[in-house]
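What follows is one structure encoded as structure tokens, with my remarks underneath.
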Amino acid sequence: MHTRAFRLASIALETVERKRQSLDSALRVCYAKAGVRTLEEKRLARTFALAALRRFPEADLLLKREGLSTIPLRRKCAFRVAFALLKDRLLPREELEIAKGGLLTGRLWRLLSPRNLEAVDSIKDSLPYHEKLAVEYSTPPWLVEHLIRMLGKEETVRLLKALWKHTVWLRVNTLKASERKVVEMLKREGLRLRKDHDIPYLYEVVNPPANLSTLSPLREGLALMEDKGSAIVVHALQPQPQALVYDAAAAPGIKTSHIFQLFASEIISADVSRKRLSEMVRLKTKLGYEAHIANADSTRPPLRRAFDCALVDAPCTNSGALGSDPGLRLALWRRPNVRRYSEVQLSMLLSAAKVVRRGGHIVYSTCSLLAEEGEEIVTKAVDTGAFELEEIAWGLPGYPGYSVSSKVRRLYPHVHRTIGFFLARMRVIA
């Protein structure tokens, strides 16, 4: 079992880096191809992959010292997994030695000597401060450098630590059953729940099991996983009764379902991806909400100016979601094309203003820790004269140094126990 789990973890890491998939998505593909069915084997493969995602920057330092940074990606990922298993003592050397000669060449195996495992710590200590933090907390160095610039060293360290302590939230779906009934069902499944005092129907799972998504209340759509940050974005929208709501980039529909559950509004949900919209249609049936679904590009929405409000939860780097998807640590290690995301985000926001009536409002949000996807986008939008910023009850002010900083809001893992979110509420004035 250890041999196959080692191979599954190695290939999953390769998939994450090559295709920028989430860890869970990559593992599901590996399980299907390998015919893995037992929960224990899946648990073991995921444990090995998580250990490697925590340690891969250290493993890569060792490869770089030996001039082996350009070895084939699958071998590199196998080395990362083996390094983590030995460094964390998850497997004894004699058990792992069975991988030698397969994904691990003899040279790579010799590189995993106890002496070299210890030597990595001194290599790490010789790095510049932001690179040392990046290796220590397995967080992309360009992101660490940005956070230090925006938050300072001490606050950045607190944030990086919190990104390894993911809080799991569940929203009770009162469209299908009463809150009390669903909570009782969840408790019978063995969950310990803590009701949130800020957001209705939201509960923290104190003891989240690995198979949370397979529990019957979640399979039946009576409850669903939704981060508190995502829920706060929906609450910031606050449409009036009978409002017509435009949800741009809506798929797979978690926020759309939340809008309908809270406000019973008429909603037009658009997304450019047909694949994600097909997922949204399935989720819509499962959760029992109502919305008009459109396959449309929200940078050029084919809609008339009739909406009372809009949610622009724009596609982004997902840099704020490192806690919920550890695979992002590897997928984002090399800085992505942030400028491309920024251009789409600004275009979506300005286009939304053309379909929302004057006096209506727009909530703009990104699951991002970058100013380029938050404060800078809103600054450019406000400078067009089409928007006026409004107050938001949740979160902390934006990064300092921007004209919009006092009105926009950020949610942080170490402060709010959410994934990292940026949000702004704007009234359309032109």
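The values are calculated or read from the model by the stated rules, or taken from the named source; none is laboratory data. All of these numbers come straight from a predicted model, not from anything done at the bench. Note that we place each Cβ from the backbone using ideal geometry, even for glycine, and neighbour counts take in every protein chain shown.
Among the residues making up segment 27-53, those that are over 12 Å from Pro326 (Cα atoms), touching a helix residue (DSSP H, G or I) at 6+ places or on another chain (Cβ under 7 Å) and of a type outside the set (Val, Ile, Thr) are Leu27, Cys30, Tyr31, Ala34, Glu41, Lys42, Leu44, Ala45, Phe48.
Looking at Tyr246, Tyr201, which one is on the phi > 0 side of the Ramachandran plot, crowded, with 20+ Cβ neighbours inside 10 Å and touching a strand residue (DSSP E or B) at 6+ places or on another chain (Cβ under 8 Å)? Before you say what the answer is, go through the steps one by one.
On the way: Tyr246 fails: on the phi > 0 side of the Ramachandran plot.
So the residue among Tyr246, Tyr201 that is on the phi > 0 side of the Ramachandran plot, crowded, with 20+ Cβ neighbours inside 10 Å and touching a strand residue (DSSP E or B) at 6+ places or on another chain (Cβ under 8 Å) is Tyr201.
Would you mind stating whether Leu218 is more than 25 Å from Ile392 (Cβ to Cβ), crowded, with 18+ Cβ neighbours inside 10 Å, within 23 Å of the chain's Cα centre (by Cα) and not assigned by TED's automatic domain parsing to the domain that holds Val272? Considered against the rule, which asks whether it is more than 25 Å from Ile392 (Cβ to Cβ), crowded, with 18+ Cβ neighbours inside 10 Å, within 23 Å of the chain's Cα centre (by Cα) and not assigned by TED's automatic domain parsing to the domain that holds Val272, Leu218 comes out as yes. For segment 162-180, filtered to residues that are over 21 Å from Ile232 (Cα atoms) and in contact (Cβ under 8 Å) with a residue 12 or more places away in the chain, the residue that is surrounded by the fewest Cβ atoms within 10 Å (Cβ to Cβ) is Trp164. Report the residue count in segment 120-156 for those that are closer than 12 Å to Leu61 by Cβ, surrounded by fewer than 19 Cβ atoms within 10 Å (Cβ to Cβ) and among the hydrophobic types (A, V, I, L, M, F, W, C). Residues in segment 120-156 being closer than 12 Å to Leu61 by Cβ, surrounded by fewer than 19 Cβ atoms within 10 Å (Cβ to Cβ) and among the hydrophobic types (A, V, I, L, M, F, W, C): 2 in total. Taken together, the residues in segment 5-37 that are under 21 Å from Asn211 (Cα atoms), surrounded by 15 or more Cβ atoms within 10 Å (Cβ to Cβ) and basic (Lys, Arg) amount to 1. Hey, among the residues in segment 104-120 that are at pLDDT 90 or above and in a loop (DSSP other than H, G, I, E, B), which one's nearest to Arg75 (Cα to Cα)? The qualifying residue nearest to Arg75 (Cα to Cα) is Leu112. Arg4 passes every criterion in (1) in a loop (DSSP other than H, G, I, E, B); (2) at pLDDT below 95 apart from (1).
Does Val157 satisfy the condition of being within 21 Å of the chain's Cα centre (by Cα) and modelled with pLDDT of 95 or more? Considered against the rule, which asks whether it is within 21 Å of the chain's Cα centre (by Cα) and modelled with pLDDT of 95 or more, Val157 comes out as yes. Of all residue pairs spaced 6 or more apart or on separate chains, none has beta-carbon atoms under 7 Å together with a first member in segment 233-259 that is not assigned by TED's automatic domain parsing to the domain that holds Lys275 and a second member that is crowded, with 24+ Cβ neighbours inside 10 Å. Just checking, does segment 269-280 include any residue being on the phi > 0 side of the Ramachandran plot, in the same structural domain as Leu423 (by TED's automatic domain parsing) and within 18 Å of the chain's Cα centre (by Cα)? No, the conditions are met nowhere in segment 269-280.
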